[in-house]
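One structure is given here, and the rest of the page talks about it.
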Amino acid sequence: MKRSYLFLIIILLSVGRLFAQEWVVPVENAAKRSPFAFKDSIRQAGAALYMTNCKSCHGDPGKNNTVKLVPPPPDPASAQMQKNSDGDMFYKLSMGRGPMPSFKNTLSATDIWRIISFIRSFNDKYVQELAPSLAPGSTLEQVKILISMIKETNQVQVKISSVKDKVRQPVANAEVKLFAKRYFGNLMIDEAHTSDSQGIALFKFPANLPGDSKGFVQLLAKPTDETAFGEAKADTTLAIGVETYRPPLNEQRALWNVVQKTPIWLLLTFIFSVLAVWGLIVYVLLQVRAIYKSGSDNKKE
Amino acid sequence: MDNNSSETNHKNIDKKSEGSDSRRSFFKRFGVIGAAAAAGGAAIYSGFSYEETKPNHDMVKVLTADNKLVEVPRDQIRDMKVDVSRLTELGREGLPGKRFVMVIDLAKCRNARKCIQACQGAHHLRPYEYHINTLTMQESPNTAPYYMPKPCQHCDNPPCVAVCPVDATFKRQDGIVLIDNERCIGCRFCVAACPYSARMFHWEEPLFVEGDKGKAYNIELNVPQKKGTVSKCLFSADRLREGKLPYCVSSCPNGVYYFGDENQDAVTNGTTKETVRLSELLKVNGGYHLMPELGTKPRVYYLPPKNRLFEVTEEEEKKSENV
C-alpha cells in the first residue's frame, strides 16, 4: 500500500514538472474576447487557416497526431489547449514562444479569432463570451482610408473617415500604421500615429527608400485596433520613393560570362585569325605535297 | 471426223463454259464475302472510332491547386506535360529587377538544424549531404565558440562559374548562381574553385532515385538530382519565383535568417516575418562578408555573434569536430 502511494507521488511530481514552465499571459490580454460571434462561416474560414498555418505541428484536432517535439505541441482538442481562455489563446498565437512561432506579423487579428473559433468547435462545453459590449459608436461603419503625399515635407498623410448618423465624418484618436510593400513582406514606415480631430495622421517618409524605376512605392495603411475597424485598409501607389534602376547583375562583361558577352568585333577577329593560321598550315602542307609529287615524277622520267 | 471434231469442240466449249462458270461464281462468292467483310469491318471501325471520340460525360472529382474540389467530365481531362526546356530557359533568365540578398544573424543561431532539414527535404538530399550546414566556430582558444550556418554565398564575382568548361553553372540577373545538372559533366572544377566549400558532388545514386524517375527536371530546385553531377544551395529559386521565402529561412525557429531584395533595401525575417531596412540592419549590427579579401563579392551577409544567449556544450563541440 505504501509503495503504491509512493509511486503515485512520483508520477504526480513528474507530471507537475511537465507543467512547471507555465506560459503566463498578462491579465489584460487574458480578458480579451472576440468582437464577433463564432458562426459556421467563421469556423470554416478558421479551418482553412488552421490547415495552412498550424497543422504541420499541431496535427489534426482530436487525432493526437502532433509532431514529436520537446515540449510536445498540444492537440487543439485536448483539455490542455481548451482550458485556455479566448484571450489566452489570442495572446499565445500572436506572440509565440520557443518553437511556437509568433503570428502577429503574418495573420490579422480577425484571422487569429477565426482560428480560435475553429479550435473551440472541438469543445462541446464551450460557450462563447463576446467582447463586453463595445461603447456605442466604437464599431465603425464604412470606414474609408485615404493616403496622399505632401511632397515639400516628404510626408504621407492618412485620412480616416466613417459614416455616423448617415453622414461621413472624420475619425479622431485612431492609431494607424503605414507600410511600404516589399517583395517578401510589408516594411513599417515611421511609427504608429494617432489621427487628430480632422481624422488625419502624418507619417515622416524616409528620404532614401527605393521605389521602382519611376519612384513608385505601394503603400498600405491599417488601423491598429481591428475590433473597431474590422479589416479596413487602404492600398495606394505613390511616386514618393527614390527612383531606382540597377542593371541586371549579369549585364557587365566579366571573367565568368565571356561566352555570352563577347563583342562581335572580338569574336570575328578571333575566328578569322584562327582560320588564317589553319589556312596557312593547310597551304604549307599542300606545297610540301606538290614538291614531293614533282620529285617522284622526275624519278619516273 | 468433222462430227467428232465438232463434238469434241462442243465438249471443249462445255468444259470451258463450266470452267468460266466456276470462276465467275468464285468471283461472285468472293465479291459477296468481300463486300460483307468490308461492310462489317467498316461498321466495326466506325463503332470503334465513335467510341474513341464520343463524348464521355462521366464526372471525375479533381482537387485544384487552390484546394477546391471540382467535377470535370472525363473526356475533358488532358495529361499535363511540363515543358522542361522552357523551365530551363526561365531558370536561366531569373527574375528581372531583383537582387536577392541573405543576412544571417550569428547571435541568434542555436544550432537547431531546422534549416538543414528543410533544405535536405526540398532538394532530396541524404542527412550527410549539405547545401547548407551549421558549423561550430572558434577563432582562437580564448574566444567563445559560436554556430555559423554556411550556404552558397551566391557571389557577384563567382570563381566557380568562371571555371565551368560547359556553361553548366551560371549567374542570373537576380544574382543567384545555379547549376544545370543536365549540362554538368561532373569535372568538379567548380568544387575546387569555390573558396567557401559550398558545393557537393553526387558520388552515389541520389536519394529517392526511384521515386523521382520520369519527373520533369526543375533547374530551380535541382530535382531530380543526378549521379555524377555537382549540386549546391540555390537560394530556393523556385520559392522566390512565387514570392515566398526560401525553405531554410522560413523553417528557422530562432529568427536567424533575413532574406530580401537589395534593390528594395528590405529584408524579411523568416521566423517573425518582420520586414526591416537592409542598410540599417547591416549598419547598426556591423554586418560583414565571409573572406572579402578574395573579391568574390558574396550576396550573403553575416551579423557578428555578439550578446549570445546560449553556450556551446563540450559534447556538441566534439560532435562538430568529428563531422
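No value in this document is a laboratory result; all are computed from the given coordinates. Remember, it's a predicted structure, so these values are computed and weren't measured experimentally. So basically every Cβ, Gly included, is an ideal-geometry build from the backbone, and we count neighbours across all protein chains shown.
Largest first, the three principal axis extents of the alpha carbons in the protein assembly as shown are 142, 87, 78 Å in whole numbers. Converting phi to 3J(HN,Hα) with the Karplus coefficients 6.51, -1.76 and 1.60 and the offset θ = phi - 60°, segment A:293-301 yields 5, 5, x, 5, 4, 4, 4, 4, 5 Hz in sequence order, with x at every glycine or proline. A Förster distance of 41 Å, applied to the separation of the beta-carbon atoms of residue B:42 and residue B:82, puts the FRET efficiency at 0.50. Seen against the Cα atoms of chain A and their longest principal axis, helix A:40-53 is set at about 40 degrees. For segment B:207-218, putting each phi into the Karplus relation 6.51 cos²θ - 1.76 cosθ + 1.60 with θ = phi - 60° gives couplings of 4, 6, 4, 6, x, 7, 4, x, 6, 5, 6, 10 Hz, in residue order, rounded to whole numbers and with x for Gly and Pro. Model label sites at residue B:208 and residue B:185, defined 7 Å from Cα along the beta-carbon direction, differ in position by 3.0 nm.
When the alpha carbon gyration tensor of segment A:54-105 is reduced to an equivalent ellipsoid, the three semi-axes, largest first, read 17, 14, 9 Å. With a threshold of 30 Å on the Cα-Cα distance, the over-threshold entries among A:177/B:108; A:39/B:68; A:92/A:166; A:177/B:114 are A:92/A:166; A:177/B:114. Considering only Cα atoms, the convex hull volume of segment A:21-120 works out to 99 Å³ per residue. The ellipsoid that matches the Cα gyration tensor of segment B:84-322 has semi-axes, each √(5λ) in whole angstrom, of 28, 21, 17, with the longest given first.
Of all the options A:122, A:270, A:229, the one that moves most in a Gaussian network model of chain A with Cα springs shorter than 10 angstrom is A:270.
The label-point distance for residue A:108 and residue B:117, in a model that sets each label 7 Å from Cα toward Cβ, rounds to 3.3 nm. Evaluated on segment A:111-183, the Kirkwood hydrodynamic radius is 16.3 Å, with distances taken between all distinct Cα atoms.
Panel note: the C-alpha atoms of chain A, placed on their principal axes, show extents of 128, 77, 32 Å (largest first). Rounded to the nearest whole Hz, the Karplus-based 3J(HN,Hα) values (6.51 cos²θ - 1.76 cosθ + 1.60, θ = phi - 60°) of segment B:143-158 follow the sequence 9, 6, x, 8, 9, 9, x, 10, x, 5, 8, 6, 4, 7, 10, x, with x at glycine and proline.
Once Rg and the Kirkwood radius are both taken over the C-alpha atoms of segment B:133-254, their ratio Rg/Rh works out to 1.00. Counting each DSSP H run of 4 or more residues in the protein assembly as shown as -39500 (n - 2.57), what helix-only mean residue ellipticity at 222 nm follows after dividing by all residues, to the nearest 500 deg cm²/dmol? Rounded to the nearest 500, the figure is -11000 deg cm²/dmol. Projected over all directions and averaged, the alpha-carbon convex hull of segment A:141-238 occupies 6.7 nm². Between residue A:85 and residue A:267, the distance separating the two model label sites (each 7 Å from Cα on the Cα→Cβ line) works out to 7.4 nm.
Computed over neighbours whose Cβ is under 12 Å from that of residue B:105, the net charge equals +4, Lys and Arg +1, Asp and Glu -1.
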